[in-house]
1. Quick check on this structure: which one of Phe196, Phe208, Phe178, Phe224 is over 29 Å from Asn14 (Cα atoms) and in contact with a Ser or Thr (Cβ under 6 Å, 6 or more places away or on another chain)?
2. Does Asp166 satisfy the criteria of being under 16 Å from Leu25 (Cα atoms), surrounded by fewer than 23 Cβ atoms within 10 Å (Cβ to Cβ), of a type in the set (Asp, Glu) and touching a residue at least 12 places away in the same chain (Cβ under 8 Å)?
3. Could you tell me whether any residue of the range 35-45 is loosely packed, with under 13 Cβ neighbours inside 10 Å, more than 13 Å from Trp127 (Cα to Cα) and not hydrophobic (A, V, I, L, M, F, W, C)?
4. Tell me yes or no: at least one residue of the range 216-228 is under 14 Å from Val31 (Cβ atoms) and in a helix (DSSP H, G or I).
5. Going by the structure shown, is Leu113 in contact with a Lys or Arg (Cβ under 8 Å, 6 or more places away or on another chain) and at pLDDT 90 or above?
6. Just one of (1) among the aliphatic types (A, V, I, L, M); (2) over 22 Å from Lys92 (Cα atoms); (3) in contact (Cβ under 8 Å) with a residue 60 or more places away in the chain trips up Ala216, so point out which.
7. Restricting the search to the range 126-157, which residues are crowded, with 23+ Cβ neighbours inside 10 Å and in a strand (DSSP E or B)?
8. Pull up the range 82-120, narrow it to residues that are assigned to a strand (DSSP E or B) and not charged (D, E, K, R), then point me to the one that is surrounded by the fewest Cβ atoms within 10 Å (Cβ to Cβ).
Amino acid sequence: MERKMFDNSRITKNLENIKYKIIVLSGKGGVGKSTVSANLAVSLSKKGYKVGLLDSDFHGPSIPKILGIEDEHPLSTQEGIIDPVLAMNTLKVMSIGFLLEDKDTPVIWRGPLKMNVMRQFIGDVNWGELDYLIVDLPPGTGDEPLSVAQLIPNTDGAIIVTTPQDVALVSVRKSINFVKKMNIPVIGIIENMSGFKCPHCGKQIDIFKKGGGEKAARDFGVPFLGKVPIDPEIVEGGDSGTPILLKNPESDSSKAFADIVENIEKNISRKVVK
């Protein structure tokens with residue numbers, strides 16, 4: 001990726017034809033944020049929306065693997081415009097994972113270089129006209145997620161992903177305060193890994209407790225978007241590059257994502273917390 005001086009007005013102009021710009025974040029890693037981001041983008045795309053998905057995690061870019069497009073490469077024109085990779089022939093995707101020499105190459109860059117490249121991902125990628133741009137932020141509430149969020153003008157809302165147990169909920173509360181301090185509306189909270197249905201007896205087992213995401217939503221007065229269960233098919237789909245919504249659209253997990261997307265559609269314009 002070429003290193004160059006960047007005029008931030010190009011970002012504003014490049015994103016002016018995107019109806020909704022949404023950041024997806026979590027206060028800590030390991031909660032399945034990228035898997036949730038990918039499946040939300042797939043679900044929105046399946047509903048007929050024009051969708052883009054930006055993977056802004058330089059050190060753990062998992063979106064290409066999850067969508068089965070890790071061997072693809074974006075194309076750059078003579079004018080410096082970058083054509084994103086297409087998933088499912090419709091979903092526009094950009095990730096540093098497409099640009100690494102091989103899958104095991106680490107990104108050993110300092111902050112200024114990473115932000116320069118991220119400006120290009122936002123300002124030079126041919127996102128075109130979109131209904132939704134989903135931005136998968138790096139985990140945490142530190143320098144990198146802050147810098148990426150600040151690069152996106154007029155962000156329409158934030159979706160916070162958590163798991164049910166108390167140790168994750170401490171971080172989700174920090175995430176809510178993070179976006180509030182940035183004056184970004186909270187679209188809602190998603191509770192991932194929420195219960196496991198035994199395939200033999202059908203009994204629900206709450207491996208990571210339950211209800212924590214709902215409680216956090218009540219405590220902060222923000223919408224609860226829904227729960228996604230622990231599902232081996234989600235794991236298998238991520239490993240094989242076939243998201244659960246394509247692998248098994250009738251599964252409980254696929255239905256959960258469909259319900260969550262409906263709630264996002266309802267809440268996106270409400271400016272819940274600002």
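The values are calculated or read from the model by the stated rules, or taken from the named source; none is laboratory data. These numbers come from a predicted model, not from an experiment. Cβ atoms come from the backbone with ideal geometry, glycine included; neighbour counts cover every protein chain shown.
1. Details: Phe196 fails: in contact with a Ser or Thr (Cβ under 6 Å, 6 or more places away or on another chain); Phe178 fails: over 29 Å from Asn14 (Cα atoms); Phe224 fails: in contact with a Ser or Thr (Cβ under 6 Å, 6 or more places away or on another chain).
Every option except Phe208 fails the conditions.
2. No.
3. No, because not a single residue in the range 35-45 is loosely packed, with under 13 Cβ neighbours inside 10 Å, more than 13 Å from Trp127 (Cα to Cα) and not hydrophobic (A, V, I, L, M, F, W, C).
4. Within the range 216-228, one or more residues are under 14 Å from Val31 (Cβ atoms) and in a helix (DSSP H, G or I).
5. Details: in contact with a Lys or Arg (Cβ under 8 Å, 6 or more places away or on another chain): yes; at pLDDT 90 or above: no.
The answer is no for Leu113.
6. Just one mismatch for Ala216, condition (3).
7. Tyr132, Leu133, Ile134, Val135, Asp136, Gly157
8. Looking at the filtered set, the residue picked out is Leu86.
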